[in-house]
1. Please compute one quarter of the surface area of the Cα convex hull for the range 128-282 and express it in square nanometres.
2. Towards the positive end of the charge dipole of the chain, with charges on Cβ (+1 Lys, Arg; -1 Asp, Glu), say which of Pro46, Leu271, Ile12 has the farthest Cα.
3. What whole-number distance in Å separates the alpha-carbon centres of the range 6-27 and the range 51-85?
4. Round to a whole angstrom and tell me the spacing of the C-alpha centers of the range 93-109 and the range 145-160.
5. Non-local amide H neighbours of Val81 (under 5 Å, H modeled in plane, Pro and chain starts lacking H): which ones?
6. Taking amide H atoms as placed 1.01 Å from N in the peptide plane, list the residues 5 or more away in sequence, or in a different chain, whose amide H sits under 5 Å from that of Cys196.
7. Could you give me the ³J(HN,Hα) list for the range 260-273, computed from phi with Karplus coefficients 6.51, -1.76, 1.60 and θ = phi - 60°, whole Hz, x at Gly and Pro?
8. Given contacts defined as C-alpha pairs under 8 Å and at least six residues apart, what's the relative contact order of the range 1-172, whole-number percent?
Amino acid sequence: MEEVILKFFESIRCVPLDVVFGFFSLVGESAVLAAALFLVYWLASPETGELFAVSVLTSVPVNVSLKYAVRRPRPYAAEVVSRRDVDTPVFSTRDLGDDVSFPSGHAQTAACLAAAVSLRAKRAWVWTLSALSLLLVMVSRLYFGVHYPTDVLAGALIGVLIALFWKLVYAKFHGARYYLLCAFAVLALIPLFFTCPHDYVQAAGLISGAAFFLPLCDMIRRDPSPFPKRLWRVPLGLVAAGAAFALSLCFPADEGFHLLKWFLIVGAATLGAQALFRLCKV
C-alpha cells in the first residue's frame, strides 16, 4: 500500500507542484520552525512562548534518536520510487541521510507545533488551519519521495503526544516543568558519549540551551507592553540571536563547538533577548 501511494505522487510530479509542496516542506524545516518559535516567544505571553518552545525543542532530539535507532532506508534509497531532485538556497532534497527515514522529522515537529498552538488557542479555525498545514507538510514528504506514509504518520503521532504531554505539565504540574525539561536535556546528552551524528548534536544543543536559559529568564521581570510597541522586540531579538550566530562563526569545525553554537543561540534568543527588551522597555 505504501508503494502504491508513493508511486501515485511520483506520477503527478510537475514544476508547479514542486513549488507548492516545496513551500510546505520548507515550513517543516528546523530553521523555519525555530524562527517561528522565537517570534512567538518574543511577541506572545511568556508562558505561551515558553510552552511552544519547550514542546518543539523536546521533539527534536526524540525524533533524531528514533531515526538513528530504527535506521530505515528512505524510499528512494530502497528504490521504491525516485527522489524528486530539488536543490535551492532555501529548500533541498539532497544530503538528507539515506537511512534515517523513520519517523519524519518534518511531520513530527510540524505536528508538535500545530498541536501546541491548537491546544492553547482553542479556536475551531485554528484547529482547521493547523490540521490542513500539517497534512500538506506530510504530503509534501511523500511527493518528493523522501518518506513513507508510515514515516509521516508516526512522526505526526509522536509530535502530537509530545505537545499533549507538555500541555498537561504546564496545566497540572507547572512548578515541575523546568525539572522535567532538565531531565530531557540530560537524557539527550547521554548518546553523545557513544555517537555524534551532526544533526543530533544540534538537537542536543537546542534542548540543553532551553533547559539552562529558560529558568534564568524568569529572573527578569517582564513588564506588559502594548502590541505596536512590542513589535520592537523583533529587531532586538534578531540582534541578540544574530550576535550569538556571528560569534559561532569563529568556532572550530568540531562537534563540541557545534553543540555550544546552538546552546548559545538559544540563550541569546531567550535570556539575551529578554534582557534587551527590559533594557529598552519594550
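What follows draws every value from the coordinates through simple rules; no lab data is involved. For clarity, every value in this text was computed on a predicted model and none was experimentally measured. Cβ: placed from backbone, ideal geometry, glycine included. Neighbour counts: every protein chain shown.
1. Approximately 12.2 nm², given one-decimal rounding.
2. Result: Pro46.
3. Taking the Cα centre of each part, the range 6-27 and the range 51-85 sit 19 Å apart.
4. 9 Å
5. Tyr76
6. Here nothing satisfies the definition.
7. Whole-Hz 3J(HN,Hα) from phi for the range 260-273: 4, 4, 6, 4, 6, 5, 5, x, 5, 6, 10, 5, x, 5.
8. Numbers: 252 pairs, mean separation 54.9, N = 172.
With pairs under 8 Å counted, the relative contact order is 32 percent.
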